[in-house]
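Read the structure below first, then the notes.
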Amino acid sequence: MPHRENATLWAVSDLHAALPDNRVLVERMRPRSDADWLVVAGDCGELVHDVEWVLRRLSERYAKVLWTPGNHELWTPRQDPVRLRGVERYQHLVEMCRTLGVVTPEDPYPLWTGPGGPVTVAPLFLLYDYSFRVPQVSTKQQSLERAYETGVVCSDEFMLHPDPYPSRDAWCRDRVKETETRLAEADPALPLVLVNHYPLVRHPTRILRHPEFAQWCGTELTADWHTRFPVQTVVYGHLHIPRTTWYDGVRFEEVSVGYPREWRRPGHPAVGPRQILPVPA
Ligand SMILES: [Fe+2]
Ligand SMILES: [Fe+2]
């Protein structure tokens with residue numbers, strides 16, 4: 001029988017398991033109690049095989065694992081025997097999660113009843129729509145042109161195919177609409193932990209070294225979700241700048257691990273899962 005009174009809800013993202021040093025981190029990750037849950041907020045890897053390796057390992061150890069895709073899971077890299085693109089690739093990953101018992105954005109949102117609960121934990125898949133544009137431009141096209149001029153272009157442009165949508169932003173708008181409806185239907189008496197690969201607000205991208213990169217980091221369409229819905233904490237990754245911030249009194253946790261050259265930097269926060277619930281003192 002799991003000991004729920006000692007349980008912790010953890011979150012991590014950007015494990016990038018193609019890198020041998022990051023695989024070692026995954027191998028070392030262990031729950032503290034047999035009732036712990038783990039949220040994995042995207043970028044497990046690029047090859048379906050690597051994503052499955054990460055989620056299988058972790059789901060063998062944690063009482064429940066929740067996953068949402070990052071941009072890297074949605075790439076169709078040349079060396080991946082799985083040639084699926086866009087929505088089909090995402091659905092393939094969702095099916096793989098189901099065989100492992102991992103909760104995805106397509107499943108009912110589970111209720112955390114351990115310490116700090118009850119709280120609904122909602123993994124979201126929202127993507128981005130190029131609305132976090134560079135300054136002084138008014139269209140996606142202009143913003144992208146600026147990125148190409150400066151040479152800061154996300155590999156998604158070549159590897160994240162939106163099929164059957166005409167564009168990544170069209171896919172994003174659909175995901176946002178669908179998710180908004182689901183959140184509006186959730187029990188308003190229960191606080192929410194929202195989990196998305198991208199921050200729901202633009203603020204965290206303000207400290208990116210290359211501001212042009214922000215256009216691949218979220219959407220203005222979710223700017224008020226943390227105040228419109230009963231949100232207790234927002235969990236995200238993608239920026240590879242792990243930290244805790246507060247917007248309008250709501251806690252935002254970037255839980256990314258990132259690349260070894262990033263997490264080995266002096267002064268980098270401890271790598272590994274971050275405690276989400278109970279809220280650390
Ligand atoms: Fe990442
Ligand atoms: Fe990412």
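Taking H as built 1.01 Å from N, whose amide H comes closer than 5 Å to the amide H of Arg251, not counting residues under 5 places away?
Under 5 Å from the amide H of Arg251: Val234.
What does the charge dipole of the range 141-258 about its Cα centre add up to, to the nearest 20 debye, if the Cβ of each Lys and Arg holds +1 and the Cβ of each Asp and Glu holds -1?
Numbers: 12 positive and 17 negative charges, 65 e Å.
Dipole about the Cα centre, nearest 20: 320 debye.
Based on the mean of other beta carbon atoms within 10 Å per residue, what is the order of 124-136, 167-179, most packed first?
On the way: 124-136: 20.6, 167-179: 17.5.
Final packing ranking: 124-136, 167-179.
In Å, what Kirkwood hydrodynamic radius results for the chain from the alpha-carbon pair distances?
Result for the chain stands at 18.9 Å.
Need the C-alpha centroid separation for the range 73-117 versus the range 28-52, integer Å.
Each part's Cα centre sits 12 Å from the other's.
Count the DSSP beta bridges whose two residues both fall in the chain, then state the antiparallel fraction as a percent rounded to the nearest 5.
35 percent
Using the Kirkwood formula on the Cα atoms of the range 31-134, what hydrodynamic radius do you get, in angstrom to one decimal?
One decimal place: 14.6 Å for the Kirkwood radius.
Nearest 500 deg cm²/dmol is fine: what mean residue ellipticity at 222 nm does the chain get from its DSSP H runs of n ≥ 4 alone, each adding -39,500 (n - 2.57), divided by its residue count?
Result for the chain, helices only: -8000 deg cm²/dmol.
Just how large is the dipole of the range 132-208 about the Cα centre, in debye to the nearest 20, putting +1 at every Lys and Arg Cβ and -1 at every Asp and Glu Cβ?
Roughly 300 debye, rounded to the nearest 20.
Please get the size of the charge dipole for the chain, origin at its Cα centre, with Cβ charges of +1 on Lys and Arg and -1 on Asp and Glu, quoted in debye to the nearest 20.
Details: 32 positive and 36 negative charges, 134 e Å.
In total the dipole reaches around 640 debye.
Relative contact order for the chain: what percent, with Cα pairs under 8 Å and sequence separation of 6 or more?
Worked out over the chain, it gives 23 percent.
Name the residue farthest towards the positive end of the dipole of the range 4-277 from the options Val87, Thr179, Val195, assuming +1 on Cβ of Lys and Arg, -1 on Cβ of Asp and Glu, about the Cα centre.
Of the candidates, Val195 comes out farthest on the positive side.
What's the center-to-center distance, using Cα atoms, between the range 201-251 and the range 147-164 in Å?
Taking the Cα centre of the range 147-164 as reference, the centre of the range 201-251 is 21 Å away.
Starting with the fewest neighbours, write out Lys64, Lys140 ranked by other beta-carbon atoms found within 10 Å of each beta-carbon.
With the sparsest Cβ surroundings first, the list reads Lys140, Lys64.
Show me, for the range 115-129, the HN-Hα J-couplings you get by feeding each phi into the Karplus relation (A = 6.51, B = -1.76, C = 1.60, θ = phi - 60°), rounded to Hz, glycine and proline as x.
x, x, x, x, 9, 7, 10, 10, x, 10, 10, 10, 6, 9, 9
Each reported figure results from applying straightforward, stated rules to the coordinates on display, with no laboratory input. It should be emphasised that the depicted structure is a prediction, and the values quoted were computed from it without experimental measurement. Note that each Cβ is placed from the backbone with ideal geometry, even for glycine, and that neighbours are counted across all protein chains shown.
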